[in-house]
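All remarks here apply to the structure that follows.
The values are calculated or read from the model by the stated rules, or taken from the named source; none is laboratory data. For clarity, every value in this text was computed on a predicted model and none was experimentally measured. Backbone-built Cβ (ideal geometry, glycine too); neighbour counts: all protein chains shown.
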Amino acid sequence: MLEGTLSVYAFILIFPLAVIGGLIFLIRNFIRSTEYFDADARFDGKTIVVTGGSSGLGRALSVELAKRGARVIVACRTKARRDSTAFFLRSKTGSFNVRTMFMDLTSLDSVYDFCQELAETEEKIDAVVNNAATLCPQSKTSDDLDMMLGVNYVGHFLLTNLLSEKLLKHGTSSSPVRLVNVVCGSLRSGHIVNMDELEGKCAGGYSMRGVYRSSKLALHLMTKELAHKHGDEGIAAYSVDPGYLNTGLYRNLEGPFGKFNQTCAKILYRTTEEGIQTVLYCLGSKDVLKESGSMFKDCRISDARNSDWTEKHVKELWDRTSELILSKGIKMQLAPPEQDEEEEGEEEGGNSEASEE
Ligand SMILES: NC(=O)c1ccc[n+]([C@@H]2O[C@H](COP(=O)([O-])OP(=O)(O)OC[C@H]3O[C@@H](n4cnc5c(N)ncnc54)[C@H](OP(=O)(O)O)[C@@H]3O)[C@@H](O)[C@H]2O)c1
(Lines give C-alpha, C1' and ligand atoms only; values in the text may rest on other atoms or scores of the structure.)
Protein backbone atom coordinates (compact mmCIF):
# COMPACT_ATOMS: atom_id res chain seq x y z
CA MET A 1 0.00 0.00 0.00
CA LEU A 2 2.75 2.43 1.11
CA GLU A 3 4.89 1.40 -1.85
CA GLY A 4 2.01 2.09 -4.25
CA THR A 5 1.45 5.57 -2.77
CA LEU A 6 5.16 6.34 -3.03
CA SER A 7 5.32 5.34 -6.67
CA VAL A 8 2.27 7.54 -7.43
CA TYR A 9 4.04 10.49 -5.75
CA ALA A 10 7.25 9.68 -7.63
CA PHE A 11 5.33 9.61 -10.90
CA ILE A 12 3.57 12.95 -10.12
CA LEU A 13 6.97 14.51 -9.42
CA ILE A 14 9.09 12.93 -12.14
CA PHE A 15 6.64 13.14 -15.03
CA PRO A 16 6.34 16.98 -15.10
CA LEU A 17 10.10 17.30 -14.62
CA ALA A 18 10.71 14.98 -17.56
CA VAL A 19 8.22 16.95 -19.70
CA ILE A 20 9.85 20.30 -18.78
CA GLY A 21 13.34 18.86 -19.43
CA GLY A 22 12.21 17.51 -22.79
CA LEU A 23 10.65 20.83 -23.76
CA ILE A 24 13.82 22.73 -22.83
CA PHE A 25 15.86 20.27 -24.89
CA LEU A 26 13.58 20.71 -27.93
CA ILE A 27 13.51 24.55 -27.68
CA ARG A 28 17.29 24.65 -27.23
CA ASN A 29 17.80 22.47 -30.30
CA PHE A 30 15.38 24.62 -32.29
CA ILE A 31 17.13 27.88 -31.34
CA ARG A 32 20.65 26.53 -31.73
CA SER A 33 20.36 24.51 -34.92
CA THR A 34 22.27 26.45 -37.54
CA GLU A 35 24.12 25.95 -40.79
CA TYR A 36 27.92 26.04 -40.60
CA PHE A 37 30.00 27.88 -43.18
CA ASP A 38 32.74 25.97 -45.01
CA ALA A 39 35.37 25.20 -42.36
CA ASP A 40 38.17 25.27 -44.96
CA ALA A 41 37.34 28.70 -46.44
CA ARG A 42 40.25 31.12 -46.01
CA PHE A 43 40.50 34.91 -45.95
CA ASP A 44 44.22 35.23 -46.70
CA GLY A 45 45.14 38.66 -48.03
CA LYS A 46 41.81 40.20 -46.97
CA THR A 47 41.64 43.17 -44.62
CA ILE A 48 38.41 43.08 -42.60
CA VAL A 49 37.17 45.74 -40.16
CA VAL A 50 34.98 44.56 -37.25
CA THR A 51 33.24 47.00 -34.89
CA GLY A 52 32.55 45.80 -31.34
CA GLY A 53 35.20 43.11 -31.52
CA SER A 54 36.07 43.31 -27.82
CA SER A 55 33.37 40.87 -26.68
CA GLY A 56 30.51 38.60 -27.72
CA LEU A 57 29.91 37.88 -31.39
CA GLY A 58 32.46 40.44 -32.64
CA ARG A 59 35.27 38.93 -30.61
CA ALA A 60 34.50 35.37 -31.74
CA LEU A 61 34.34 36.63 -35.34
CA SER A 62 37.68 38.43 -35.04
CA VAL A 63 39.31 35.26 -33.66
CA GLU A 64 37.94 33.13 -36.49
CA LEU A 65 38.89 35.60 -39.24
CA ALA A 66 42.44 35.89 -37.87
CA LYS A 67 42.73 32.08 -37.70
CA ARG A 68 41.59 31.90 -41.32
CA GLY A 69 44.34 34.25 -42.46
CA ALA A 70 42.65 37.68 -42.58
CA ARG A 71 44.17 40.93 -41.40
CA VAL A 72 41.58 41.95 -38.80
CA ILE A 73 41.04 45.51 -37.65
CA VAL A 74 39.00 45.64 -34.49
CA ALA A 75 37.30 48.84 -33.33
CA CYS A 76 36.96 49.02 -29.53
CA ARG A 77 34.84 51.31 -27.35
CA THR A 78 37.61 52.35 -24.94
CA LYS A 79 41.39 52.48 -25.06
CA ALA A 80 41.58 49.94 -22.22
CA ARG A 81 39.37 47.54 -24.23
CA ARG A 82 41.56 48.20 -27.27
CA ASP A 83 44.69 47.07 -25.43
CA SER A 84 43.13 44.06 -23.68
CA THR A 85 41.52 42.94 -26.97
CA ALA A 86 44.86 43.16 -28.78
CA PHE A 87 46.43 40.94 -26.11
CA PHE A 88 43.52 38.47 -26.19
CA LEU A 89 43.38 38.14 -29.99
CA ARG A 90 47.10 37.71 -30.39
CA SER A 91 47.40 35.09 -27.67
CA LYS A 92 44.29 33.24 -28.85
CA THR A 93 45.13 33.15 -32.57
CA GLY A 94 48.90 33.46 -32.66
CA SER A 95 48.37 36.04 -35.41
CA PHE A 96 50.13 39.37 -35.30
CA ASN A 97 48.12 40.49 -38.30
CA VAL A 98 45.55 41.96 -35.93
CA ARG A 99 45.14 45.67 -35.32
CA THR A 100 42.97 47.07 -32.56
CA MET A 101 41.87 50.70 -32.61
CA PHE A 102 39.82 53.00 -30.45
CA MET A 103 36.39 54.07 -31.69
CA ASP A 104 33.51 55.08 -29.47
CA LEU A 105 30.23 55.01 -31.37
CA THR A 106 28.66 57.37 -28.84
CA SER A 107 30.75 60.15 -30.42
CA LEU A 108 30.55 61.04 -34.12
CA ASP A 109 33.93 62.79 -33.79
CA SER A 110 35.46 59.53 -32.60
CA VAL A 111 33.96 57.67 -35.59
CA TYR A 112 35.34 60.33 -37.94
CA ASP A 113 38.84 60.16 -36.43
CA PHE A 114 38.82 56.36 -36.60
CA CYS A 115 37.88 56.38 -40.30
CA GLN A 116 40.40 59.09 -41.14
CA GLU A 117 43.21 57.16 -39.51
CA LEU A 118 42.09 53.89 -41.05
CA ALA A 119 41.87 55.35 -44.56
CA GLU A 120 45.31 56.93 -44.23
CA THR A 121 47.11 53.95 -42.77
CA GLU A 122 45.54 50.88 -44.40
CA GLU A 123 46.42 50.13 -47.99
CA LYS A 124 43.00 48.61 -48.68
CA ILE A 125 39.86 47.42 -46.94
CA ASP A 126 38.05 44.35 -48.29
CA ALA A 127 35.15 44.13 -45.85
CA VAL A 128 33.48 45.91 -42.95
CA VAL A 129 31.30 44.25 -40.31
CA ASN A 130 29.09 46.73 -38.46
CA ASN A 131 28.56 44.57 -35.39
CA ALA A 132 28.78 46.76 -32.26
CA ALA A 133 25.50 47.45 -30.49
CA THR A 134 23.99 48.38 -27.18
CA LEU A 135 20.66 47.50 -25.57
CA CYS A 136 20.32 50.04 -22.77
CA PRO A 137 17.88 52.33 -20.94
CA GLN A 138 17.07 55.75 -22.41
CA SER A 139 20.13 58.02 -22.53
CA LYS A 140 21.97 60.30 -24.95
CA THR A 141 25.21 60.17 -26.91
CA SER A 142 27.70 63.03 -26.72
CA ASP A 143 26.07 64.42 -29.90
CA ASP A 144 22.68 64.53 -28.19
CA LEU A 145 21.30 61.56 -30.10
CA ASP A 146 19.29 58.72 -28.62
CA MET A 147 21.93 56.27 -27.30
CA MET A 148 20.70 53.08 -28.98
CA LEU A 149 19.87 54.77 -32.30
CA GLY A 150 23.16 56.69 -32.16
CA VAL A 151 25.40 53.68 -31.43
CA ASN A 152 23.60 50.93 -33.33
CA TYR A 153 22.64 52.94 -36.38
CA VAL A 154 23.86 56.56 -36.83
CA GLY A 155 27.50 55.82 -35.87
CA HIS A 156 27.63 52.90 -38.31
CA PHE A 157 25.91 55.00 -40.98
CA LEU A 158 28.65 57.62 -40.67
CA LEU A 159 31.41 54.99 -40.60
CA THR A 160 30.07 53.31 -43.75
CA ASN A 161 29.72 56.59 -45.64
CA LEU A 162 33.19 57.78 -44.66
CA LEU A 163 34.82 54.51 -45.70
CA SER A 164 32.85 54.04 -48.91
CA GLU A 165 35.31 55.99 -51.07
CA LYS A 166 38.15 53.78 -49.85
CA LEU A 167 36.04 50.65 -50.32
CA LEU A 168 35.03 51.63 -53.84
CA LYS A 169 38.70 51.93 -54.86
CA HIS A 170 39.13 48.17 -54.58
CA GLY A 171 35.66 46.75 -55.18
CA THR A 172 34.54 45.76 -58.65
CA SER A 173 31.14 44.51 -59.74
CA SER A 174 32.54 40.96 -60.18
CA SER A 175 34.55 41.07 -56.95
CA PRO A 176 32.82 43.55 -54.65
CA VAL A 177 33.97 44.74 -51.28
CA ARG A 178 31.54 43.37 -48.69
CA LEU A 179 29.68 45.18 -45.97
CA VAL A 180 27.82 43.21 -43.31
CA ASN A 181 25.39 44.83 -40.89
CA VAL A 182 24.61 42.65 -37.89
CA VAL A 183 20.90 43.02 -37.15
CA CYS A 184 18.29 40.90 -35.35
CA GLY A 185 15.15 39.09 -36.46
CA SER A 186 12.94 41.31 -34.30
CA LEU A 187 13.64 44.26 -36.63
CA ARG A 188 10.48 43.10 -38.39
CA SER A 189 8.51 44.70 -35.59
CA GLY A 190 10.64 47.87 -35.51
CA HIS A 191 9.36 51.11 -37.00
CA ILE A 192 11.03 53.76 -39.14
CA VAL A 193 12.38 56.41 -36.81
CA ASN A 194 11.79 60.11 -37.38
CA MET A 195 14.18 62.99 -36.69
CA ASP A 196 12.78 63.60 -33.19
CA GLU A 197 13.34 59.98 -32.19
CA LEU A 198 16.90 60.04 -33.57
CA GLU A 199 17.53 63.08 -31.38
CA GLY A 200 16.02 61.34 -28.38
CA LYS A 201 13.00 63.64 -28.16
CA CYS A 202 10.64 60.85 -27.40
CA ALA A 203 6.96 61.69 -26.85
CA GLY A 204 5.36 59.33 -24.32
CA GLY A 205 7.00 56.25 -22.79
CA TYR A 206 10.34 54.86 -23.92
CA SER A 207 10.42 51.20 -24.93
CA MET A 208 13.97 49.91 -24.65
CA ARG A 209 13.31 46.86 -26.81
CA GLY A 210 11.16 48.87 -29.25
CA VAL A 211 13.93 51.42 -29.88
CA TYR A 212 16.51 48.60 -30.16
CA ARG A 213 14.40 46.90 -32.85
CA SER A 214 13.95 50.20 -34.70
CA SER A 215 17.71 50.82 -34.61
CA LYS A 216 18.20 47.42 -36.24
CA LEU A 217 15.49 48.08 -38.82
CA ALA A 218 17.27 51.36 -39.67
CA LEU A 219 20.52 49.41 -40.12
CA HIS A 220 18.79 46.94 -42.42
CA LEU A 221 17.30 49.77 -44.49
CA MET A 222 20.85 51.13 -44.77
CA THR A 223 21.87 47.72 -46.22
CA LYS A 224 19.13 48.06 -48.81
CA GLU A 225 20.03 51.61 -49.80
CA LEU A 226 23.75 50.75 -50.01
CA ALA A 227 22.97 47.86 -52.33
CA HIS A 228 20.82 50.20 -54.41
CA LYS A 229 23.40 53.01 -54.53
CA HIS A 230 26.59 51.00 -55.01
CA GLY A 231 25.38 47.68 -56.45
CA ASP A 232 27.03 48.24 -59.82
CA GLU A 233 30.09 49.96 -58.41
CA GLY A 234 31.58 47.26 -56.26
CA ILE A 235 30.08 47.29 -52.75
CA ALA A 236 27.84 44.38 -51.81
CA ALA A 237 25.83 44.87 -48.61
CA TYR A 238 24.14 42.26 -46.42
CA SER A 239 22.24 42.18 -43.16
CA VAL A 240 22.82 39.18 -40.92
CA ASP A 241 20.57 37.93 -38.14
CA PRO A 242 22.86 35.75 -36.00
CA GLY A 243 19.95 34.33 -33.96
CA TYR A 244 19.65 34.54 -30.17
CA LEU A 245 23.10 34.47 -28.58
CA ASN A 246 24.54 33.86 -25.15
CA THR A 247 26.41 37.17 -24.82
CA GLY A 248 26.45 40.19 -22.56
CA LEU A 249 23.94 42.10 -24.72
CA TYR A 250 21.13 41.53 -22.21
CA ARG A 251 23.11 42.82 -19.21
CA ASN A 252 21.07 46.04 -18.93
CA LEU A 253 17.65 44.36 -18.91
CA GLU A 254 16.20 44.81 -15.44
CA GLY A 255 13.44 43.21 -13.37
CA PRO A 256 12.08 39.66 -13.62
CA PHE A 257 11.88 39.83 -17.42
CA GLY A 258 15.53 40.84 -17.57
CA LYS A 259 16.56 37.99 -15.25
CA PHE A 260 14.46 35.58 -17.30
CA ASN A 261 16.16 36.73 -20.50
CA GLN A 262 19.65 36.41 -19.01
CA THR A 263 18.85 32.89 -17.78
CA CYS A 264 17.42 31.91 -21.18
CA ALA A 265 20.60 33.22 -22.81
CA LYS A 266 22.73 30.90 -20.66
CA ILE A 267 20.56 27.81 -21.11
CA LEU A 268 18.98 28.10 -24.52
CA TYR A 269 20.75 30.55 -26.78
CA ARG A 270 23.45 30.00 -29.39
CA THR A 271 27.14 30.18 -28.69
CA THR A 272 29.05 32.96 -30.42
CA GLU A 273 30.78 30.30 -32.57
CA GLU A 274 27.33 29.31 -33.85
CA GLY A 275 26.33 32.97 -34.23
CA ILE A 276 29.26 33.95 -36.47
CA GLN A 277 28.59 31.32 -39.16
CA THR A 278 26.26 33.44 -41.30
CA VAL A 279 28.55 36.47 -40.99
CA LEU A 280 31.43 34.30 -42.30
CA TYR A 281 29.15 33.06 -45.07
CA CYS A 282 28.29 36.62 -46.19
CA LEU A 283 31.97 37.59 -46.06
CA GLY A 284 33.31 34.56 -47.88
CA SER A 285 30.73 32.81 -50.03
CA LYS A 286 30.38 33.44 -53.77
CA ASP A 287 26.71 32.39 -53.56
CA VAL A 288 25.71 35.68 -51.92
CA LEU A 289 27.15 37.94 -54.64
CA LYS A 290 23.85 38.26 -56.48
CA GLU A 291 21.92 38.91 -53.27
CA SER A 292 23.23 42.31 -52.19
CA GLY A 293 20.63 44.14 -50.06
CA SER A 294 19.21 40.95 -48.50
CA MET A 295 19.03 39.73 -44.93
CA PHE A 296 20.57 36.33 -44.12
CA LYS A 297 20.08 33.89 -41.28
CA ASP A 298 21.53 30.37 -40.99
CA CYS A 299 23.48 30.85 -44.24
CA ARG A 300 20.38 31.49 -46.32
CA ILE A 301 18.16 34.44 -47.21
CA SER A 302 15.67 35.36 -44.51
CA ASP A 303 12.61 37.41 -45.30
CA ALA A 304 12.82 40.79 -43.51
CA ARG A 305 9.64 42.27 -44.93
CA ASN A 306 7.82 44.79 -42.86
CA SER A 307 4.63 46.22 -44.27
CA ASP A 308 5.50 49.67 -42.90
CA TRP A 309 8.28 50.53 -45.31
CA THR A 310 8.73 51.10 -49.02
CA GLU A 311 11.70 52.12 -51.17
CA LYS A 312 10.67 55.74 -50.67
CA HIS A 313 11.00 55.34 -46.90
CA VAL A 314 14.42 53.75 -47.29
CA LYS A 315 15.73 56.72 -49.26
CA GLU A 316 14.09 59.25 -46.92
CA LEU A 317 15.72 57.67 -43.88
CA TRP A 318 19.12 57.80 -45.62
CA ASP A 319 18.70 61.50 -46.45
CA ARG A 320 17.35 62.32 -42.97
CA THR A 321 20.31 60.61 -41.31
CA SER A 322 22.83 62.45 -43.53
CA GLU A 323 21.16 65.78 -42.68
CA LEU A 324 21.25 64.95 -38.99
CA ILE A 325 24.98 64.18 -39.06
CA LEU A 326 25.76 67.35 -41.02
CA SER A 327 23.66 69.36 -38.53
CA LYS A 328 26.03 68.12 -35.80
CA GLY A 329 28.95 69.71 -37.65
CA ILE A 330 30.40 66.38 -38.84
CA LYS A 331 31.50 66.05 -42.47
CA MET A 332 30.31 63.07 -44.48
CA GLN A 333 33.60 62.83 -46.38
CA LEU A 334 37.12 62.32 -45.13
CA ALA A 335 39.80 64.96 -45.56
CA PRO A 336 42.15 64.14 -48.46
CA PRO A 337 45.33 62.38 -47.30
CA GLU A 338 48.28 64.65 -46.63
CA GLN A 339 50.63 64.82 -49.62
CA ASP A 340 53.37 62.19 -49.34
CA GLU A 341 54.45 63.23 -45.87
CA GLU A 342 56.51 60.85 -43.75
CA GLU A 343 54.05 58.65 -41.96
CA GLU A 344 56.09 58.00 -38.84
CA GLY A 345 55.13 61.15 -36.96
CA GLU A 346 51.46 60.56 -37.82
CA GLU A 347 51.14 57.20 -36.03
CA GLU A 348 49.42 58.61 -32.96
CA GLY A 349 47.65 61.53 -34.70
CA GLY A 350 43.98 62.48 -34.12
CA ASN A 351 41.80 61.31 -31.27
CA SER A 352 41.99 57.63 -32.11
CA GLU A 353 44.95 55.51 -31.18
CA ALA A 354 46.04 52.22 -32.57
CA SER A 355 47.65 49.35 -30.75
CA GLU A 356 49.62 47.86 -33.63
CA GLU A 357 51.65 44.78 -34.22
N1 LIG B 1 22.90 38.59 -28.25
C2 LIG B 1 21.87 38.31 -29.02
O3 LIG B 1 21.00 37.50 -28.67
C4 LIG B 1 21.74 38.95 -30.38
C5 LIG B 1 20.65 38.59 -31.19
C6 LIG B 1 20.52 39.18 -32.45
C7 LIG B 1 21.47 40.10 -32.87
N8 LIG B 1 22.51 40.45 -32.05
C9 LIG B 1 23.47 41.45 -32.53
O10 LIG B 1 24.78 40.89 -32.51
C11 LIG B 1 25.73 41.96 -32.40
C12 LIG B 1 26.76 41.64 -31.35
O13 LIG B 1 26.13 41.69 -30.09
P14 LIG B 1 26.58 40.73 -28.89
O15 LIG B 1 25.43 39.82 -28.65
O16 LIG B 1 27.91 40.16 -29.17
O17 LIG B 1 26.61 41.77 -27.69
P18 LIG B 1 27.82 42.22 -26.73
O19 LIG B 1 28.50 41.03 -26.19
O20 LIG B 1 27.19 43.18 -25.78
O21 LIG B 1 28.83 42.97 -27.72
C22 LIG B 1 28.56 44.25 -28.19
C23 LIG B 1 29.86 44.88 -28.67
O24 LIG B 1 29.59 46.24 -29.04
C25 LIG B 1 30.53 47.06 -28.38
N26 LIG B 1 29.98 48.40 -28.11
C27 LIG B 1 28.95 48.73 -27.31
N28 LIG B 1 28.81 50.06 -27.26
C29 LIG B 1 29.78 50.59 -28.05
C30 LIG B 1 30.19 51.89 -28.37
N31 LIG B 1 29.60 52.97 -27.85
N32 LIG B 1 31.23 52.07 -29.23
C33 LIG B 1 31.89 51.02 -29.74
N34 LIG B 1 31.56 49.75 -29.44
C35 LIG B 1 30.53 49.52 -28.60
C36 LIG B 1 30.82 46.35 -27.07
O37 LIG B 1 32.03 46.85 -26.51
P38 LIG B 1 32.46 46.44 -24.99
O39 LIG B 1 33.01 45.05 -25.10
O40 LIG B 1 33.50 47.45 -24.64
O41 LIG B 1 31.23 46.53 -24.15
C42 LIG B 1 30.92 44.91 -27.57
O43 LIG B 1 32.18 44.67 -28.14
C44 LIG B 1 24.92 43.22 -32.10
O45 LIG B 1 24.77 43.96 -33.29
C46 LIG B 1 23.58 42.69 -31.66
O47 LIG B 1 22.55 43.59 -31.91
C48 LIG B 1 22.68 39.89 -30.81
Practice prompt. Looking at (1) buried (at least 18 other Cβ atoms within 10 Å of the Cβ); (2) modelled with pLDDT of 60 or more; (3) of a type in the set (S, T, N, Q), find the lone condition where S355 falls short.
Written response: (2)
Response to the item:
Those residues of the stretch 135-150 which are touching a Cys at 6+ places or on another chain (Cβ under 9 Å) and surrounded by fewer than 24 Cβ atoms within 10 Å (Cβ to Cβ) amount to Q138, M147
Discussion item. Can you confirm whether D143 is over 17 Å from the mean Cα position of the chain (by Cα) and in contact (Cβ under 8 Å) with a residue 60 or more places away in the chain?
Written reply: yes
Response to the item:
Taking the stretch 163-220 and the residues there that are surrounded by fewer than 15 Cβ atoms within 10 Å (Cβ to Cβ) and closer than 23 Å to V49 by Cβ, the one that is modelled with the highest pLDDT would be E165
Worksheet item: Which of the residues belonging to the stretch 83-100 are in contact (Cβ under 8 Å) with a residue 40 or more places away in the chain and buried (at least 24 other Cβ atoms within 10 Å of the Cβ)?
Response: V98, T100
Discussion item. Quick check on the stretch 20-29. Is at least one of its residues within 13 Å of the ligand (Cβ to nearest atom) and either touching a helix residue (DSSP H, G or I) at 6+ places or on another chain (Cβ under 8 Å) or at pLDDT 95 or above (or both)?
Written reply: no
Discussion item. With the requirement that a residue be within 25 Å of D126 (Cα to Cα) and at pLDDT 95 or above, what does the stretch 295-320 give you?
Written reply: M295, F296, K297, D298, C299, R300, I301, W318
Item to complete: Identify all residues within the stretch 49-63 that are surrounded by fewer than 23 Cβ atoms within 10 Å (Cβ to Cβ) and either of a type in the set (F, W, Y) or more than 9 Å from the ligand (Cβ to nearest atom) (or both); write none if there are none.
Response: V63
Worksheet item: of a type in the set (S, T, Y) and either loosely packed, with under 13 Cβ neighbours inside 10 Å or at pLDDT below 90 (or both), is that true of S33?
Response: yes
Worksheet item: Which ones in the stretch 36-48 are surrounded by 15 or more Cβ atoms within 10 Å (Cβ to Cβ) and within 16 Å of A60 (Cα to Cα)?
Response: F37, F43, I48
Worksheet item: Looking only at the stretch 183-192, which residues are within 12 Å of the ligand (Cβ to nearest atom) and either assigned to a helix (DSSP H, G or I) or closer than 22 Å to G234 by Cβ (or both)?
Response: G185, S186, L187
Fill in: Only one of G210, G234 that is over 17 Å from W318 (Cα atoms) and touching a Pro at 6+ places or on another chain (Cβ under 7 Å)
G234
Worksheet item: Among T278, T223, T263, which is the only one that is more than 30 Å from G21 (Cβ to Cβ), hydroxyl-bearing (S, T, Y) and assigned to a helix (DSSP H, G or I)?
Response: T223
Practice prompt. Working only within the stretch 247-256, note down all residues that are part of a helix (DSSP H, G or I) and more than 15 Å from the ligand (Cβ to nearest atom).
Written response: G255, P256
Worksheet item: Out of the stretch 281-297, which residues are part of a loop (DSSP other than H, G, I, E, B) and over 16 Å from the mean Cα position of the chain (by Cα)?
Response: S285, K286, D287, V288, S292
Worksheet item: Of Y238, Y281, Y244, Y269, which residue is within 11 Å of the ligand (Cβ to nearest atom), of a type in the set (S, T, Y) and under 25 Å from R178 (Cα atoms)?
Response: Y244
Worksheet item: Across the stretch 39-86, what is the number of residues that are out of contact with any strand residue (DSSP E or B) (no Cβ under 7 Å at 6 or more places or on another chain) and among the aliphatic types (A, V, I, L, M)?
Response: 5
Worksheet item: What tally of residues in the stretch 226-243 results from selecting those that are surrounded by fewer than 21 Cβ atoms within 10 Å (Cβ to Cβ), touching a residue at least 24 places away in the same chain (Cβ under 8 Å) and in a helix (DSSP H, G or I)?
Response: 2
